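Q: Submitted below is the structure of interest, expressed as structure tokens.
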Amino acid sequence: MNYFHKANEHYNGKDYKRAISFYQKAIDNKENEACSYYNLAVCFIKLKEYEKAIDYIQSALKIKRESKYFFNLAYCYAMLNNCKKALIYFNTAWALNHDDSDCEKAINLIISKHKKAAL
């Protein structure tokens, strides 16, 4: 059985808890590991479990460095109100893909909020 494919089916059906189970099996079987870790993290993001998502994104980053991995890592930190780490990782994502306008928007939003809070 291709656990990664099955996990994606559950993810696309918005059954994130079942998808998590299959992504974990995919990781155990070394199926598309970086993407399995990343997709597993995204399931936790959808469930608003940001700390868990951070752990899995960091595991994915040990295997492969992609802009979207850093973007979602930054997003998790932003949702946990850790603006410093969010800025670091949004900037890293943007450095890897300078065409990503979402990174620029996120960075500007955090800076704008920080400036307003300082007033």
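Q: Scan region 1-13 and report the pairs whose first residue is without any contact (Cβ under 8 Å) to a residue 12 or more places away in the chain and whose second residue is part of a helix (DSSP H, G or I) and small (Gly, Ala, Ser), with Cβ atoms within less than 9 Å and a gap of 6+ or a chain change.
A: Every condition considered, the pairs that remain are His5/Ala26; Glu9/Ala19; Asn12/Ala19; Gly13/Ala19.
Q: Could you go through region 47-58 and let me know if any residue there is farther than 16 Å from Tyr16 by Cβ, touching a helix residue (DSSP H, G or I) at 6+ places or on another chain (Cβ under 7 Å) and surrounded by 15 or more Cβ atoms within 10 Å (Cβ to Cβ).
A: Yes: one or more hits.
Q: Also, quick follow-up: Of all residues in region 99-110 being touching a residue at least 24 places away in the same chain (Cβ under 8 Å) and part of a helix (DSSP H, G or I), which is farthest from Ala60 (Cα to Cα)?
A: Ranking the qualifying residues of region 99-110, first place goes to Ile110.
Q: Checking the condition crowded, with 21+ Cβ neighbours inside 10 Å, over 18 Å from Phe4 (Cα atoms), out of contact with any Asp or Glu (no Cβ under 7 Å at 6 or more places or on another chain) and modelled with pLDDT of 95 or more, which residue from Cys103, Cys76 passes?
A: It is Cys76.
Q: Find the helices (runs of 4 or more DSSP H) located wholly in region 1-98 whose residues include 2 or more that are within 29 Å of Leu109 (Cα to Cα), assigned by TED's automatic domain parsing to the domain that holds Leu109 and touching a Cys at 6+ places or on another chain (Cβ under 9 Å), and list them.
A: Working: elements: 3-12, 16-28, 33-46, 50-63, 67-79, 83-96.
In region 1-98, 67-79, 83-96 are the helices (runs of 4 or more DSSP H) which contain 2 or more residues that are within 29 Å of Leu109 (Cα to Cα), assigned by TED's automatic domain parsing to the domain that holds Leu109 and touching a Cys at 6+ places or on another chain (Cβ under 9 Å).
The values are calculated or read from the model by the stated rules, or taken from the named source; none is laboratory data. Just so we're clear, the structure is a prediction, and the values are computed from it rather than from any experiment. Backbone-built Cβ (ideal geometry, glycine too); neighbour counts: all protein chains shown.
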